[in-house]
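Beneath this line is the structure, given in structure tokens, with notes to follow.
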Amino acid sequence: MANFIARPNPRFSTNLNQAVNDTTSTTLNVNSVPAKVPCILIIDPGTATQEKVKVTATGSGTITVTRNFDGKGAFTHGFNATIVDYDSPEYIYDIADLLEQNFNSDYTPQSSIFMKPDFALGFGNFIVSGLTAPTSGSLATTITAGVAYYGGTRYAVATDGGHTYTASQDTYVDVNPATGAFTYNGVANGGTPPALTANSLRIAKVVTSGAAVTGVTQGGFDSNGVIIYPTNGTNAAKIQVKDTTEVQVNNTTTETTAYTQSITGNLLGAFGMLRIKLFGKILNNSGGSANLTINLKYGATTIATLLKSIPADSTNLYGLLLEAFIANTGATNAQKGGFAVSGASLNNGLNFGAYGTATEDSTANKTLTITVTWGTANASLTFFKEAVAIELL
């Protein structure tokens, strides 16, 4: 096992209420004690006498410590010396090292200690691999075997062995990773989803016609806000699209598409959100300020639009980050969205944004588009789109 990494007491601080006049005393008098032990504290942080100690016990106004815990020296400390929790970048790096040293590349632990509840519950529920269901020319299809985490514990889940679905229904498939039991709850096509089965992950919405499995949704949310778990990665942000094709908008006043992407129907469910990050540049070498309009569109709706005057800055380029979001707000046809732009050139900065709403039917495929329009056609005015990433939240 790697070196002990203590659980921190975020934002804890106190002071010595009695000087420490030697480098060997292990009982220190303090104004208050940390709630959680063992932990690591720093005495006189940021000074020449900074000392890291490991607290092994607390009493009434006292802490019992291991001195010189990091091997960098023990020191004397004056009355009222500051003491803070070890909650620093170095702590984060130690945690990263701990994980790297004790976990395999497929997220499985090398030691059973990491399956203890107080550690394992720090991980979310997610599917590592498998548990996919294909469409079918009949009403029968088979969910593959896979690996899932539930409540911080890793489970190998066997295939369901095949299931024949009821015609003309939306069937929501839940799996209990601990037992491997699959539950199939059907409703009429387009009907309200059933409640999630206890101790289970919702892994698919299987849509049937009168004679075939015509669609399978794995990812996003159902209309009750229940996650339909994707078949890889976590339920945290997932990259859906990465694009590095450069687009330039130059010497025109025509509204021009800087980026466009088809968003699959039902991806957002009723509560899902897309986060879009566009990285680019702006050049204004025209000798004067120039107007630039940016539009964020979803389907037929322009959700957000803003006209901004871009100061001239000779040949100096503005580095640009446009961060946008589109979110369903409890229904598949109710969206909020907007964008914020930040950037800077050698002499100027840019910060602006816009916000709006839409009522697009997100159960159908929709086009996400970002357009730009210059107010003046000038060869010295250029908007560069360099890269885009889209995440499902």
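Here are some notes:
- Shape category assigned to the stretch 13-90 from the gyration tensor of Cα positions, a/c cut at 1.5: rounded
- With the convex hull of its Cα atoms as the shape, the stretch 240-392 has an orientation-averaged projected area of 7.8 nm².
- According to the Cα-based calculation, Rg over Rh for the stretch 304-358 is 1.15, with Rh computed by the Kirkwood formula.
- The distance from the alpha carbon centre of the stretch 250-327 to that of the stretch 167-198 is 40 Å, rounded to a whole number.
- Each peptide in 275-284, 159-168, 200-209 was scored by the mean count of other Cβ atoms within 10 Å over its residues; highest first, the order is 200-209, 275-284, 159-168.
- Enclosing the Cα atoms of the stretch 126-232 in their convex hull gives a volume equal to 81 cubic angstrom per residue.
- Size of charge dipole - the stretch 13-90 - debye, nearest 20, with Cβ of Lys, Arg +1 and Asp, Glu -1, no other charges: 160 debye
- When the convex hull of its Cα atoms is viewed from all sides, the stretch 324-393 shows a mean projected area of 6.7 nm².
- Legend: residue pairs LYS242/LYS366; LYS336/LYS366; LYS205/LYS297; LYS277/LYS308, Cα-Cα distance threshold 25 Å; pairs beyond threshold, LYS205/LYS297.
- Integer Hz, Karplus 6.51/-1.76/1.60 couplings in order for the stretch 341-347, x for Gly and Pro: 10, 10, x, 7, 10, 4, 10
Only the coordinates and a few stated rules stand behind these numbers; no lab work does. These numbers were taken from a predicted model, which means no experiment stands behind them. No Cβ is skipped: glycine too gets one built from the backbone with ideal geometry, and neighbour counts run over all protein chains shown.
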